[in-house]
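Okay, structure first, notes after.
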Amino acid sequence: MSESVSVLISEEELERKIDQIAGQINRDYAGRQLHLLCILKGSMFFTCELSKHLTMPVTIDCMAVASYGNDTARSGDIALTLDLSEPIAGKHVLVIEDIVDTGYTLSFLRKMLQKRNPASLKICTLLDKPERREVPVDVDYVGFQIPNEFVVGFGLDYAQKYRNLPYIGMLEIEEGE
Ligand code: IMP
């Protein structure tokens, strides 16, 4: 089997889009303190780059989820594998996600986080694959809508590889030697 990656979204396009999203967030949260929740590991790069462009006081926490479905995450098969280090009650929380696919992960996270009584709860995703959606999920900030392709890079992985690519690439796997 051989794997190859072709560029879907370049480093420059990512920089421009992240700057644009940060501009919207800066306007929407002006005068408030914002608590970013980075969903590990895929959102690491996006959270770092986005947070550098934010102008309000920002705090950052991380959490991780795992899905135990066959190939897609079913609602009941998602579990928290790393919880936040601090309570979110009374905070303006913005969840930072790498990609929305079926929607099960964010729908699980939204319900779980809402129960912890944040002052507000919004979601920001770098990528969105609308064709794959199985459950509706309200996303407040979306970077790019992409076709139904498996993508890697800028935090996203295939079998834990390719996270370090500075761009978003489409992964192709060819059967054979
Ligand atoms: P959902 O629960 O189906 O929306 O899946 C969201 C999670 O699946 C993301 O946070 C990613 O970890 C993973 N995922 C979905 N599509 C891709 C992809 O194209 N490349 C890498 N990971 C993906």
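The values are calculated or read from the model by the stated rules, or taken from the named source; none is laboratory data. The shown structure was predicted, so the numbers you read here are calculated from the model rather than taken from an experiment. Note: ideal-geometry Cβ built from the backbone for every residue, glycine included; neighbour counts use all protein chains shown. The protein model used for the area step is the full one, side chains on, heavy atoms only, and it has no ligands, DNA or RNA in it. Shrake-Rupley method; radii C 1.70, N 1.55, O 1.52, S 1.80 Å.
Pairs with C-alpha atoms separated by more than 20 Å, drawn from the list LYS122/LYS161; LYS52/LYS161; LYS41/LYS161; LYS52/LYS111, are LYS122/LYS161; LYS52/LYS161; LYS52/LYS111. Can you tell me how the chain classifies by the Cα gyration tensor, rounded, prolate or oblate, using a/c under 1.5 as the rounded cut? Verdict is oblate for the chain. Ordering ILE146, PRO130, PRO87 by Cα displacement along the dipole of the chain toward the positive end leaves PRO87 in first place; charges were set at the Cβ atoms of Lys, Arg (+1) and Asp, Glu (-1). Based on C-alpha pairs under 8 angstrom that are at least 6 apart in sequence, the range 1-101 has a relative contact order of 31 percent. Find out how many positive minus negative residues lie around THR55, taking Lys and Arg as positive, Asp and Glu as negative, among other residues whose Cβ is under 14 Å from that of THR55. Residues close to THR55 contribute a combined charge of +1.
Secondary structure note: in the chain, about 40% of the DSSP beta bridges are antiparallel. For the range 10-147, a crude dipole built from +1 on the beta carbon of Lys and Arg and -1 on the beta carbon of Asp and Glu, taken about the Cα centre, is about 560 debye to the nearest 20. Counted over all Cα-Cα pairs of the range 13-66, pairs farther apart than 16 Å make up 41 percent. At the residue level, THR81 shows approximately 80 square angstrom of accessible surface with a 1.4 angstrom probe and all protein chains present. Taking every DSSP helix (H) stretch of at least 4 residues in the chain, weighting each as -39,500 (n - 2.57) and dividing the sum by the residue count yields a mean residue ellipticity at 222 nm of -7000 deg cm²/dmol.
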